[in-house]
Amino acid sequence: AVVSTQSGHYGRGARGELQTSTSNSHDPIQTDNTDNWFSFAAGKGTMKKTCPGLHHCGWKYPMWLGGESPTEEGKISMLMGHAATSASNVCSITNSHPVYIVKCGETYYHKYTRIISYSGYCVDEDFSDVCKNAVELSEEWRGTTIDKTRDHCDTLGLSDFESWYRMNVYEKKMPDHCVAPNKCGGDTGYYVGGELGHPAAGEGIVGRTFYYSSASNCKASALNGHILNCGNKDDGDDYVYKWTKPSGCDRVFCAEQDPCSSTVYKKLEEDFRAARGPSTDRISDNTLEHGWYRFPRDEGIMARSPVLPGHSGITYPGWYDGEYPLEEDDEKTGRACFSYNGNPCYQERPVTVRNCKNFYVYHLQ
């Protein structure tokens, strides 16, 4: 393949993942002739392969490449370039356009078909300084089971919201699950929301939505931010976070605690939980907080099949519909189904199950 010599060359740092933007600027490439091929001097010169989140890489809606760059010399490949424009789900793909890529020596050249308004492409960057200089948060009150004892407030308490932060307490990461109100030392504690969770090492900066919970809603309010995994396969994961500033006080960023610890999970060992027969009692779990629970009686697991309404005095008896993790410390996500009026799953709630070697714990909400 012959690569055009009309190759644009854009400046160092202009497209790096560490560049933030709140402006409505456009990528200059979209006004250039789309017959041209472009290389990037910024960062590592390769396009980012994972969602960076809003207002990153110098663009309002940064774009990334949906696949790996080609390794074969001189062969033109086509991949899709993606953009996400939703403020409530920062990595939900809303636009995609073809991108042509060719490798010439150590340099990659790109040819674009179209770029959406207020967007531009991101490049991979060296994050060693980010990982080295992240501010450490070591307060024990940040734990997901620690009750509020005073009005901690990260809105005012953190030094600034241009810095990156590392959780250096308990499991050294934020939780990926709903956190009950009045935990983590404040009124409302943020956790990493959505299905994507924490990134793997090598993914670079990823955009994520952070939520805090009310008593009845695990996604009572959302906050956009970013996560970078500074770890590697030998030393394990090492997460750092950058958040936008919360709009109110009494809001804090939570630190995950080991759900297999007896100081974290609560036991559900009441006699009525055995699904043995009908009862005239009327019992409800609607007062349970969001959190980790263990069933120490009988087989130590939730019911695995539908339970008839009225058994054990429960109008809507709940059972677990999903897989169990087989390896220690692994987790699986399923659902708690509540039976009623002939429907085995009349209502449902998400459930996370953790393998604690000799028993299971469940995150219920």
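Evaluate the relative contact order of the stretch 316-361 (contact order divided by residue number), counting alpha-carbon pairs under 8 angstrom at least 6 apart; express in whole percent. List each step's numbers first, then the result.
Details: 93 pairs, mean separation 16.6, N = 46.
Result for the stretch 316-361 is 36 percent.
Give me the net charge for the shell around K103: Cβ to Cβ below 9 angstrom, other residues only, Lys and Arg +1, Asp and Glu -1. Could you put the intermediate results ahead of the total?
Details: positive: K75; negative: E72, E73, E106.
Local net charge: -2.
Any lysines with Cα under 23 Å of the K44 Cα? List them, leaving off those in the same chain fewer than 8 positions away.
Qualifying lysines at Cα under 23 Å: K60, K75, K103, K111, K132, K233, K242.
Which order do peptides 120-126, 66-72 fall in by mean Cβ count within 10 Å, highest first?
Details: 120-126: 23.0, 66-72: 12.7.
Result, highest mean first: 120-126, 66-72.
Rg and Dmax of the stretch 34-121, using alpha carbons, in Å: what are they?
12.8, 41
As a test question: what accessible area, to the nearest 10 Å², does T333 have when a 1.4 Å probe is rolled over all protein chains in place?
T333 has an accessible surface of roughly 110 Å² with all protein chains in place.
For the stretch 141-272, calculate the relative contact order in percent as a whole number, restricting contacts to Cα pairs under 8 Å that are 6 or more residues apart.
Values: 300 pairs, mean separation 42.7, N = 132.
Averaging sequence separation for qualifying contacts and normalising by length gives 32 percent for the stretch 141-272.
Report the net charge of residues surrounding K172, where surrounding means a beta-carbon distance below 10 angstrom and charges are Lys +1, Arg +1, Asp -1, Glu -1. Could the numbers behind the result be given before it?
Values: positive: R166, K173; negative: E136, E171, D237, D238, E256.
Around K172, the surrounding residues sum to -3.
Heavy atoms only, probe 1.4 angstrom, no DNA, RNA or ligands counted: give me W64, W141 ranked by accessible area, highest first.
On the way: W64 20, W141 55 Å².
Most to least solvent-accessible, the answer reads W141, W64.
For the stretch 286-365, run through the chymotrypsin sites (Phe, Trp or Tyr not before Pro) and keep only the ones in DSSP coil with at most 16 other Cβ atoms within 10 Å of their Cβ. Before the final figure, lay out each step's value.
On the way: sites: W292, Y293, W319, Y320, F338, Y340, Y346, F359, Y360, Y362; in loops: F359.
Taking the stretch 286-365 and a limit of 16 other Cβ atoms within 10 Å, the loop chymotrypsin sites (Phe, Trp or Tyr not before Pro) found are F359.
Taking a 1.4 Å probe, which of K172, K49 shows the most accessible area, and what order do the others take after it?
Details: K172 110, K49 50 Å².
Listed by decreasing accessible area, they come as K172, K49.
Please report how far the C-alpha centroid of the stretch 177-215 lies from that of the stretch 97-171, rounded to the nearest whole angstrom.
If you average the Cα positions of each part, the centres end up 14 Å apart.
Which of the GluC sites (Glu not before Pro) found in the stretch 134-168 are loop residues per DSSP with 13 or fewer other Cβ atoms within 10 Å of their Cβ?
Taking the stretch 134-168 and a limit of 13 other Cβ atoms within 10 Å, the loop GluC sites (Glu not before Pro) found are E162.
More than 25 Å apart: what percent of Cα pairs in the stretch 52-204 qualify?
On the way: 5451 of 11628 pairs.
Tail fraction, whole percent: 47.
What figure in square angstrom, to the nearest 10, would you give for the accessible area of T287 with a 1.4 Å probe?
Approximately 120 Å² of T287 is accessible to the 1.4 Å probe.
The values are calculated or read from the model by the stated rules, or taken from the named source; none is laboratory data. Source: prediction; values computed, not measured. Cβ: placed from backbone, ideal geometry, glycine included. Neighbour counts: every protein chain shown. To get the accessible areas, we keep the full protein, side chains included, count just its heavy atoms, and leave off ligands, DNA and RNA. Shrake-Rupley method; radii C 1.70, N 1.55, O 1.52, S 1.80 Å.
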